């Protein structure tokens, strides 16, 4: 039963790739299932998602690079935005709900936060449906809506998006941002050493434990190893959206779902041959 009085919580999930959805004994899959249990045991009115795989790329047509796009397709179809995988991954399904109340809450929050929007008839990319399918099964009645990342390469723009979206928590909606803590696929797929994985994962974990997580994360982005961990920004910036959505009280209510290094086979490794994963929940005060 939906808790009509509770403020929404905030999550960051590492979303991985399609193979992770079959790695049932892996730590990431178990963390997704833990996330699902948390959602179902204390149902919010719906979920607002921001994924690494949807950026506002057409900066020229907007008033500001801070502006975003909001999905207008109320069927929430799936986008199979990956290539050269076995056919079975393109046949996976995830059906979710949509209602006008969550849409209105998001549009009003962005407007009040000074962020201009446009709409797009779109579906859920794998940054949303892969972890959500593992967490909630093939079908859920929970209303879900997706918002893009801003076009700006300025990390503070992603924080500002989170600040604007934080208003939906007051309406009882949960915010879920998905990306990856370390995301260098070139090094991963070529079997190259990734000596930056462990130190950058630790830097992020330490930042989230600090008295000022937002400032600490911005400092981590300035570190020399950031561009090794993230040759492009889009998989890290959803974490900034999640942090932007937190009050000072929320920052202290953090729970780790999983933090670690995982190889392509889904094994936990204490080495530099895997991606850095992090999944956290911040409970609203």
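The values are calculated or read from the model by the stated rules, or taken from the named source; none is laboratory data. Predicted, not measured: the structure shown is a model, and the values here were computed from it. Cβ atoms come from the backbone with ideal geometry, glycine included; neighbour counts cover every protein chain shown.
Just a yes or no: is a residue in the stretch 120-127 out of contact with any helix residue (DSSP H, G or I) (no Cβ under 9 Å at 6 or more places or on another chain) and without any contact (Cβ under 8 Å) to a residue 60 or more places away in the chain?
Filtering the stretch 120-127 down to residues out of contact with any helix residue (DSSP H, G or I) (no Cβ under 9 Å at 6 or more places or on another chain) leaves 120-122, 125.
Restricting the remaining residues to those that are without any contact (Cβ under 8 Å) to a residue 60 or more places away in the chain gives 120-121.
Checked the stretch 120-127: at least one residue is out of contact with any helix residue (DSSP H, G or I) (no Cβ under 9 Å at 6 or more places or on another chain) and without any contact (Cβ under 8 Å) to a residue 60 or more places away in the chain.
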inquiry  = Please count how many residues of the stretch 128-150 are farther than 12 Å from residue 48 by Cβ and touching a helix residue (DSSP H, G or I) at 6+ places or on another chain (Cβ under 7 Å).
reply    = 8
message = I'm trying to understand the selection: among the residues of the stretch 251-279, which are surrounded by fewer than 21 Cβ atoms within 10 Å (Cβ to Cβ) and closer than 21 Å to residue 39 by Cα?
response = 251, 252, 253, 254, 255, 256, 259
query = How about the stretch 1-23: which of its residues are surrounded by fewer than 16 Cβ atoms within 10 Å (Cβ to Cβ) and either modelled with pLDDT of 95 or more or touching a strand residue (DSSP E or B) at 6+ places or on another chain (Cβ under 6 Å) (or both)?
reply = 22
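Each row is one residue, and each column tells you yes or no for (1) touching a residue at least 24 places away in the same chain (Cβ under 8 Å); (2) over 20 Å from residue 285 (Cβ atoms).
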{"site": "156", "(1), (2)": "yes, yes"}
{"site": "164", "(1), (2)": "yes, no"}
{"site": "181", "(1), (2)": "yes, yes"}
{"site": "186", "(1), (2)": "yes, yes"}
{"site": "198", "(1), (2)": "yes, yes"}
{"site": "206", "(1), (2)": "no, yes"}
note = Scanning the stretch 226-250 residue by residue, the ones that are surrounded by 23 or more Cβ atoms within 10 Å (Cβ to Cβ) and either out of contact with any helix residue (DSSP H, G or I) (no Cβ under 8 Å at 6 or more places or on another chain) or over 18 Å from residue 276 (Cα atoms) (or both) total 6
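Would you point out the residue of the stretch 24-43, among those that are in a loop (DSSP other than H, G, I, E, B) and in contact with a strand residue (DSSP E or B) (Cβ under 9 Å, 6 or more places away or on another chain), that is nearest to residue 94 (Cα to Cα)?
Just the residues of the stretch 24-43 that are in a loop (DSSP other than H, G, I, E, B), to begin with: 24-26, 42-43.
After this cut, where a residue has to be in contact with a strand residue (DSSP E or B) (Cβ under 9 Å, 6 or more places away or on another chain) as well, the list is 26, 43.
Values: 26: 21, 43: 19 Å.
Once the filter is applied, the top-ranked residue is 43.
Identify all residues within the stretch 108-119 that are surrounded by fewer than 15 Cβ atoms within 10 Å (Cβ to Cβ) and in contact (Cβ under 8 Å) with a residue 12 or more places away in the chain; write none if there are none.
Restricting attention to the stretch 108-119, the residues satisfying the condition of being surrounded by fewer than 15 Cβ atoms within 10 Å (Cβ to Cβ) are 108, 111-112, 114, 116, 118-119.
108, 112, 114, 116, 118, 119, listed by residue number.
Can you pull out the helices (runs of 4 or more DSSP H) entirely within the stretch 185-285 that have at least 3 residues that are within 20 Å of residue 162 (Cβ to Cβ) and in contact with a strand residue (DSSP E or B) (Cβ under 8 Å, 6 or more places away or on another chain)?
Numbers: elements: 185-190, 197-209, 213-221, 226-229, 237-244, 248-251.
Hits in the stretch 185-285: 197-209, 237-244.
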query = If you check 148, 207, 157, which single one turns out to be under 15 Å from the mean Cα position of the chain (by Cα) and closer than 28 Å to residue 110 by Cα?
reply = 148
